[in-house]
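Please treat every number below as a calculation from the coordinates, not as lab data. Being a predicted model, the structure only gives us computed values, none of them experimental. Here the Cβ is made from the backbone with ideal geometry for all residues, glycine too, and neighbour counts use every protein chain on show.
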Amino acid sequence: MFRKILIANRGEPVVRIARAAHSLGIQCVGVASDADLEASWLECLDEVVPIGGKAPRDSYLDMASVVQAGVQTGCVAVHPGWGFLAENPRFAALCAQHGMTFVGPSPAVMQRMALKWPAKASMRAAGLVCIPGSEGLLPDLATGRQLADQMGYPVILKADAGGGGRGMRRVFEPGQFAQAYQSAQAEAQAAFGNGALYLERYLTGGRHIEFQILADAFGHAVHLFERDCSVQRNHQKLIEEGPSPALSAEDRMRVGQQVAMAAAAIGYHGAGTVEFLRRADTGELCFMEMNTRLQVEHCVSEMVTGVDIVAQQIRIAANEHLELTQDALTLKGHAMEIRLNAEDPDANFQPTPGLLTAFTIPTDQGPGTVRVDTHLRAGDRISPYYDSLLAKVIAHGRSRAEAIETLVKTLRATRVEGVKTTAGLHLKVLQSPAFQSGDYDTSAIPGFPQSRA
């Protein structure tokens, strides 16, 4: 097992990873930008290395400074968390070049799965069904428009190097195609340095379902069942739950087995997530993409399986055999997570940085159990430079109804002052008939029927 690791991230991911690492007897080193030097979450670390800057590009995205922090403190491994450098194959390779194990898949596998079209080709070869679309990248606008006319509208343009909803444009009629193409290409180029696009049929009314996998370096892979992430705004997840109300037990095990086999087939090792869109017309699960990192919502899978995914991820990186077997993994109840953000839903979700004058999220509201993953406390300041996440609130119940009831009671008793939050939005969604019935999809936010998710 590793003696000391660098956590190349900030905030809540650092707190979560440090908790798992410390449970394994590992010392944790962190990095901090100029904006974070006084942050309370740094207290969870054994050592902190200042890396300057405030904006991400000058700090947490500065690969050379981050790697140097690990080298100078004697770290033997680097955990990237999620976001920032977590899915950057150049960073993974740089860590290896400096004698530090990257906690995640190999740079080659990461590169293949980071580009969406090669990822689709790999998963199709492994036996998964993909969303109908272009056979490769679009060489130009004219080719894309011609293919869209042949496929029929609506269609969606996607950035090959995309993520987080950037570089994506839905097109509902031919007259919108040229502007959507140019806009998606420009956004993709600015965000990822890669303007390549591909085209898919836009499936309306589908469910966004993802399977959590763990795979070791010896060809053994398991799935930890699925999460339903269909409550979204602009392709950004708002609420995640597991298991999905839309999947049968038979489909769950069949697709889960396919996903685990596909991960092993491509030589994947570590924690990862395989994402699908469940078609409203056929119920078929179509592969969309693979995230080669830990997901924000991994807590949902931990709550329903009892597996510490982060600890398993570290053990795999240390070249240990994955001791989990598929037969031994069972679903226990239902879990649901909301992302409480410092944003104003009434002002188009504008971030609301500022001083947290009060910050209390109770864990005793029942009837189920509550887990709160956060890096904050009253008196902390929410920075304008980074993600607006305040906390992840996860409720577990014996049933889906019990998980919803627990989460509603918890949010009602939550006290956050100093910044506006999304708590009211989550309460409205959780109490809406559409969400409580389990019959909802990605086309609209439950409780907000006029919205386009």
> Can you list residues whose amide H is under 5 Å from PHE349's amide H, if they're 5+ apart or on another chain and H is modeled 1.01 Å from N?
Replying inline: ASP344
>> Calculate the FRET efficiency for GLN72 and ALA186 from the Cβ-Cβ distance with a Förster distance of 41 Å, rounded to the nearest 0.05.
In response: 0.55
> Given a cut-off of under 8 Å on Cα pairs at least six residues apart, what relative contact order in percent is computed for the chain?
Replying inline: 14
> Ranking LEU340, LEU61 by Cβ neighbours within 10 Å, fewest first, what do you get?
Replying inline: LEU61, LEU340
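Would you order CYS130, CYS28, CYS75 from fewest to most other beta-carbon atoms within 10 Å of each residue's own beta-carbon?
CYS130, CYS28, CYS75
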>> Explain nothing, just compute: Karplus ³J(HN,Hα) = 6.51 cos²θ - 1.76 cosθ + 1.60, θ = phi - 60°, for every residue of region 248-263 in order, whole Hz, x for Gly and Pro.
In response: 7, 4, 5, 5, 4, 6, 5, 5, x, 5, 4, 5, 4, 5, 5, 4
>> I need the phi-derived Karplus couplings for region 38-46: 6.51 cos²θ - 1.76 cosθ + 1.60, θ = phi - 60°, integer Hz, Gly and Pro marked x.
In response: 9, 5, 5, 5, 5, 5, 7, 9, 7
> Under a 5 Å amide H to amide H cut-off, with H placed in plane at 1.01 Å, what residues pair with THR101 once short-range neighbours are removed?
Replying inline: ALA77, VAL78
>> At 0.36 nm per residue, and after removing the present C-alpha to C-alpha distance, how many nm does the segment from GLN97 to LEU147 gain when stretched out fully?
In response: 13.7 nm
>> As an exercise, identify the trypsin sites (Lys or Arg not before Pro) in region 313-414 lying in DSSP coil whose Cβ has no more than 10 other Cβ atoms within 10 Å.
In response: none
>> Please report the antiparallel percentage of DSSP beta bridges with both residues in region 158-249, rounded to the nearest 5.
In response: 100
>> Under a crude label model (7 Å from the Cα following the beta-carbon direction), how far is GLU417 from ALA178 in nanometres?
In response: 5.7
> Can you give the longest stretch of the chain with no exposed loop site, where a site means GluC sites (Glu not before Pro) in a DSSP loop (not H, G, I, E or B) with at most 16 other C-beta atoms within 10 Å?
Replying inline: 136-283
>> Counting other beta carbons within 10 Å of each residue's own, what order do ILE361, ILE266, ILE338 fall into, fewest first?
In response: ILE266, ILE361, ILE338
> Restricting to lysine pairs 8 or more places apart or on different chains, what number in the chain have Cα atoms under 14 Å apart?
Replying inline: 4
>> How many angstrom lie between the Cα centre of region 404-453 and the Cα centre of region 81-116?
In response: 35
>> Output wanted: per-residue J couplings in Hz (rounded whole) for region 87-98, from phi through Karplus 6.51 cos²θ - 1.76 cosθ + 1.60, θ = phi - 60°, x for Gly and Pro.
In response: 10, 9, x, 5, 5, 4, 5, 5, 4, 4, 4, 9
